[in-house]
Amino acid sequence: MDTVEAHTRRWLQEVVIGLNLCPFAAAPARARRIRFTVSRAAGEGELLAELEREILHLHSCPATTLETTLVIVPSLLQDFLDFNDFLDPVDALLQRRSWRGIYQIASFHPDYCFAGSAPADAGNLTNRSPYPVLHILREASVERALQVFADAGQIPARNIARVESLGPEQRQKLFPYLLDRG
């Protein structure tokens with residue numbers, strides 16, 4: 001499990017922060033206010049329960065102590081379509097617990113593919129991670145960050161342009177976990 005967390009930390013530092021794909025990630029990373037938890041769930045029900053516990057944990061801590069949590073899922077949801085389908089029960093959990101507007105879940109996956117794009121499109125790299133990841137974000141933190149960043153609506157287009165500009169060697173260095181994937 002240490003290797004799984006280490007790979008995910010590297011991805012956060014080198015890809016998300018290093019390429020500035022999320023201009024809001026560097027500050028909580030520097031302040032060590034990002035929690036990494038590796039799921040040990042054997043099934044989707046267990047994973048949903050783990051996610052709920054992680055949201056409760058985040059809820060019990062002030063943002064000045066813990067800003068956000070990455071739930072890393074190395075053993076489940078390896079198929080992107082299964083992962084994407086799992087987001088429906090995640091959304092239902094947020095609804096059932098009245099956490100909409102308080103928390104949101106960002107999703108990352110080794111085979112992430114935006115609707116309407118081909119799997120090989122470079123733009124998909126913006127959401128590709130070494131393992132499936134469910135990123136729990138505080139809505140209040142997202143809103144504060146968006147107020148500071150003047151062109152927040154341009155972030156996705158800027159990110160796609162950034163990853164499209166990477167050469168083959170840069171892609172190989174930043175996304176080594178994608179090399180063996182079909």
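The values are calculated or read from the model by the stated rules, or taken from the named source; none is laboratory data. Everything quoted here is computed from the prediction, not taken from an experiment. A quick note on method: Cβ atoms are made from the backbone with ideal geometry, for glycine too, and the neighbour counts reach across all protein chains shown.
Values as computed for the structure displayed
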read-out: Set A115, A140, A120, A106: member being in a loop (DSSP other than H, G, I, E, B), under 18 Å from the mean Cα position of the chain (by Cα) and surrounded by fewer than 18 Cβ atoms within 10 Å (Cβ to Cβ); value: A115
read-out: Y177 being of a type in the set (S, T, Y), closer than 25 Å to R35 by Cβ, buried (at least 16 other Cβ atoms within 10 Å of the Cβ) and out of contact with any Asp or Glu (no Cβ under 7 Å at 6 or more places or on another chain); value: no
read-out: Criterion (part of a strand (DSSP E or B), surrounded by 12 or more Cβ atoms within 10 Å (Cβ to Cβ) and within 18 Å of the chain's Cα centre (by Cα)) met by exactly one of L94, L146, L134; value: L134
read-out: Near pairs, Cβ below 6 angstrom, 6+ apart or cross-chain, from the stretch 25-45 (closer than 30 Å to F149 by Cα) to any residue that is outside any helix (DSSP H, G or I) and modelled with pLDDT under 95; value: none
read-out: Number of the condition not met by L87 [criteria: (1) in contact with a Ser or Thr (Cβ under 7 Å, 6 or more places away or on another chain); (2) under 18 Å from C22 (Cα atoms); (3) not in a strand (DSSP E or B)]; value: (2)
read-out: Matching option when the condition is over 24 Å from I55 (Cβ atoms) and not charged (D, E, K, R), among A145, A140, A120; value: A120
read-out: Qualifying residue in the stretch 65-79 (condition: within 20 Å of R144 (Cβ to Cβ) and without any contact (Cβ under 8 Å) to a residue 40 or more places away in the chain); value: yes
read-out: Complete set of residues in the stretch 96-117 that are at pLDDT 95 or above and either aliphatic (A, V, I, L, M) or touching a His at 6+ places or on another chain (Cβ under 6 Å) (or both); value: I102, I105, A106
read-out: Filtered residue count, the stretch 41-72, keeping only those that are among the acidic types (D, E) and closer than 23 Å to R9 by Cβ; value: 3
